[in-house]
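Read through the structure below, which is laid out as structure tokens, and then see the notes.
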Amino acid sequence: MGQNGWGKGYLGEYNTLAAIVFEFVATFLFAVVILGSTQNGVPTQMAGLAIGITLVVIHIVGIPVTGVSVNPARSLGPAIFAGAKAISQLWLFLIFPSLAGVAAGFLFHNKTLEI
């Protein structure tokens, strides 16, 4: 059904800590690329390419780890239909991508990562 997950019986069988670290880092990097490539003063004509390539690399690396969420909404829908195990693991895919997005937004808001 395309649900995200980790642990025994799921793709690479990575542990909870690996799933947390991957989802946070991948979402943070993805949000930084999105915010950085679309800000004022940069050539936004290439934003789509930068965002797309970043998402492809994140998926190539992360599919065995968690199935790659990097978006809480992308995890919520499939979990509802997949059932108990996916729903029991949903907390990770709601909390850590959200925290990573907030962290990336905070760094841009404070002009730490702004050009």
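Values in this text are rule-based calculations from the coordinates and carry no lab data. Computed from a predicted model, the values in this text were never measured in an experiment. Here Cβ is always computed from backbone atoms with ideal geometry, including for glycine, and neighbour counts include all displayed protein chains.
Here are a few things to note about the model shown:
- Over all orientations, the chain has a Cα convex hull whose mean projected area works out to 7.2 square nanometres.
- Computed from the Cβ-Cβ distance with R0 of 30 Å, the FRET efficiency linking residue 61 to residue 40 stands at 0.50.
- Cα→Cβ-extended label distance, 7 Å offset, between residue 50 and residue 16, nm: 3.7 nm
- A Gaussian network model of the chain, with springs between Cα atoms under 10 Å, assigns the largest mean-square fluctuation among 56, 25, 68 to 56.
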